[in-house]
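Undergrad: Encoded as structure tokens, here's the structure I'll be asking about.
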Amino acid sequence: MDPDERLVDRALAGDLGAFERLVERHRDAVFRVAARIVGPGEAEDVSQDTFVRAFYRLGRWRREGRFRAWLLQIAHNSALNELAKERPEPADDEALPERADHAGRTPVALVEQRERRRRLEHKVGLLGLNHRTVLVLRDMEGLSYEEIATVTDSPVGSVKGRLHRARGELIELLRRNTYDWDLPDDPSGS
């Protein structure tokens, strides 16, 4: 049995501590998905909304897939609902919180890493919503194609196609600024 399933069972039996452990376990992934859809400024609200919705719908999880995929589907839908409110875009200088271990890195290396992360977040943000969503779920959150299909309510073939196009689009966006990314010029010459 998946460790999440045990926590869900305990939460359904009234153990709030079990649900708190689920929140702790998946908080970062939910925040990252939300931030990449609505921007870091609204991601905390979307994350909280996601966990509130998940808590009240816990009994509806059918256990056909991983709990994480079900939770990220709720996060995805909450983020889309937030976007539908037509809030202003976040400022370019807002960045996702850094959670990486920086031990042994020089201040210059940390600044360069932070700047690269900020620019990558900006480039990912330039992708269309469907492309950005599948790219984040697959390459950053590690979900399977089937799980992404569930999260986005799309056929697996569409997920694969969107992911292929999203990666190509992101590579092109990054190539336009090879100084920052050390990517070779397009070998096809186009």
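Undergrad: For the subset of region 38-64 comprising residues that are outside any helix (DSSP H, G or I) and under 14 Å from Ala11 (Cβ atoms), which member is modelled with the lowest pLDDT? First the steps, then the outcome.
TA: Our first condition is that a residue be outside any helix (DSSP H, G or I); within region 38-64, this holds for 39, 61-64.
Remaining after also requiring under 14 Å from Ala11 (Cβ atoms): 61, 63.
Values: Trp61: 88, Arg63: 85.
Top of the filtered list is Arg63.
Undergrad: Could we say that His131 is crowded, with 20+ Cβ neighbours inside 10 Å, in a helix (DSSP H, G or I) and either hydrophobic (A, V, I, L, M, F, W, C) or at pLDDT 85 or above (or both) here?
TA: On the way: crowded, with 20+ Cβ neighbours inside 10 Å: yes; in a helix (DSSP H, G or I): yes; either hydrophobic (A, V, I, L, M, F, W, C) or at pLDDT 85 or above (or both): yes.
In short, yes.
Undergrad: Mind listing just one residue for me: the one in region 54-67 that is crowded, with 16+ Cβ neighbours inside 10 Å and out of contact with any Leu (no Cβ under 7 Å at 6 or more places or on another chain) and, of those, nearest to Ala18 (Cα to Cα)? Even if it seems obvious, please write down each step before you answer.
TA: Pass one, region 54-67, residues crowded, with 16+ Cβ neighbours inside 10 Å: 54, 58, 61, 65-67.
Subsequent filtering for residues that are out of contact with any Leu (no Cβ under 7 Å at 6 or more places or on another chain) retains 61, 65-67.
Values: Trp61: 16, Gly65: 19, Arg66: 17, Phe67: 14 Å.
So, considering only residues that are crowded, with 16+ Cβ neighbours inside 10 Å and out of contact with any Leu (no Cβ under 7 Å at 6 or more places or on another chain), the one nearest to Ala18 (Cα to Cα) is Phe67.
Undergrad: Taking into account only those residues within region 104-138 that are hydrophobic (A, V, I, L, M, F, W, C) and more than 29 Å from Ile74 (Cα to Cα), which is farthest from the chain's Cα centre (by Cα)? Write out each step before concluding.
TA: Step one: list which residues in region 104-138 are hydrophobic (A, V, I, L, M, F, W, C), which gives 108-111, 120, 124, 126-127, 129, 134-137.
Add one more test, that the residue is more than 29 Å from Ile74 (Cα to Cα), and what stays is 108-111.
Details: Val108: 28, Ala109: 25, Leu110: 23, Val111: 23 Å.
Here the residue is Val108.
Undergrad: Please determine whether any residue of region 153-167 is surrounded by 13 or more Cβ atoms within 10 Å (Cβ to Cβ), of a type in the set (Asp, Glu) and at pLDDT 85 or above. Break it down into steps so the answer makes sense when it comes.
TA: Of all residues in region 153-167, those surrounded by 13 or more Cβ atoms within 10 Å (Cβ to Cβ) come to 154, 156, 158-163, 165-167.
With of a type in the set (Asp, Glu) added as a condition, the list becomes none.
No: region 153-167 contains no residue that is surrounded by 13 or more Cβ atoms within 10 Å (Cβ to Cβ), of a type in the set (Asp, Glu) and at pLDDT 85 or above.
Undergrad: Among the residues that make up region 11-21, is at least one of them touching a Gly at 6+ places or on another chain (Cβ under 9 Å), of a type outside the set (Asp, Glu) and either in contact (Cβ under 8 Å) with a residue 24 or more places away in the chain or within 30 Å of Arg118 (Cβ to Cβ) (or both)? So that I can check it myself, show each step before the final result.
TA: We begin by selecting, within region 11-21, every residue touching a Gly at 6+ places or on another chain (Cβ under 9 Å); these are 11-12.
Subsequent filtering for residues that are of a type outside the set (Asp, Glu) retains 11-12.
Subsequent filtering for residues that are either in contact (Cβ under 8 Å) with a residue 24 or more places away in the chain or within 30 Å of Arg118 (Cβ to Cβ) (or both) retains 11-12.
Yes, there is a match, as at least one residue in region 11-21 is touching a Gly at 6+ places or on another chain (Cβ under 9 Å), of a type outside the set (Asp, Glu) and either in contact (Cβ under 8 Å) with a residue 24 or more places away in the chain or within 30 Å of Arg118 (Cβ to Cβ) (or both).
Undergrad: Can I ask one more? Is at least one residue of region 81-89 under 21 Å from His122 (Cα atoms), touching an Asp or Glu at 6+ places or on another chain (Cβ under 6 Å) and at pLDDT below 90? Don't jump to the end; show me each part of the working.
TA: The first filter runs over region 81-89 and keeps only residues under 21 Å from His122 (Cα atoms), leaving 82-84, 86-89.
Going one step further and asking which of them are touching an Asp or Glu at 6+ places or on another chain (Cβ under 6 Å), we end up with 82.
From the residues that got through so far, the ones that are at pLDDT below 90 too are 82.
Yes, there is a match, as at least one residue in region 81-89 is under 21 Å from His122 (Cα atoms), touching an Asp or Glu at 6+ places or on another chain (Cβ under 6 Å) and at pLDDT below 90.
Undergrad: Restricting attention to region 1-37, report how many residues are assigned to a helix (DSSP H, G or I) and either surrounded by 15 or more Cβ atoms within 10 Å (Cβ to Cβ) or at positive phi (or both). It would help to see each step written out before you state the result.
TA: Taking region 1-37 as the starting set, the residues that turn out to be assigned to a helix (DSSP H, G or I) are 3-12, 16-37.
From what's left, either surrounded by 15 or more Cβ atoms within 10 Å (Cβ to Cβ) or at positive phi (or both): 4, 7-8, 10-11, 18-19, 21-23, 25-26, 29-37.
Number of matching residues: 21.
Undergrad: Of all residues in region 68-86 being of a type in the set (A, V, I, L, M, F, W, C) and touching a Ser or Thr at 6+ places or on another chain (Cβ under 8 Å), which is surrounded by the most Cβ atoms within 10 Å (Cβ to Cβ)? Outline the logic, then answer.
TA: Step one: of region 68-86, the residues of a type in the set (A, V, I, L, M, F, W, C) are 69-72, 74-75, 79-80, 83-84.
Adding the requirement that they be touching a Ser or Thr at 6+ places or on another chain (Cβ under 8 Å) leaves 69-71, 74-75.
On the way: Ala69: 19, Trp70: 23, Leu71: 24, Ile74: 20, Ala75: 29.
Here the residue is Ala75.
Undergrad: If you don't mind, another one. Go through region 116-143 and count every residue that is free of Cβ contacts under 8 Å to residues at least 60 places away in the same chain, of a type outside the set (A, V, I, L, M) and at negative phi.
TA: Within region 116-143, the subset free of Cβ contacts under 8 Å to residues at least 60 places away in the same chain is 117-118, 120, 122-123, 126-128, 130-131, 134-135, 138-139, 142.
This time we only want the ones that are of a type outside the set (A, V, I, L, M), so: 117-118, 122-123, 128, 130-131, 138-139, 142.
From what's left, at negative phi: 117-118, 122-123, 128, 130-131, 138-139.
Residues meeting the conditions: 9.
The values are calculated or read from the model by the stated rules, or taken from the named source; none is laboratory data. Keep in mind that this is a model prediction, so the values were computed, not measured. Every residue, glycine among them, receives a Cβ derived from its backbone with ideal geometry; neighbour counts consider all protein chains shown.
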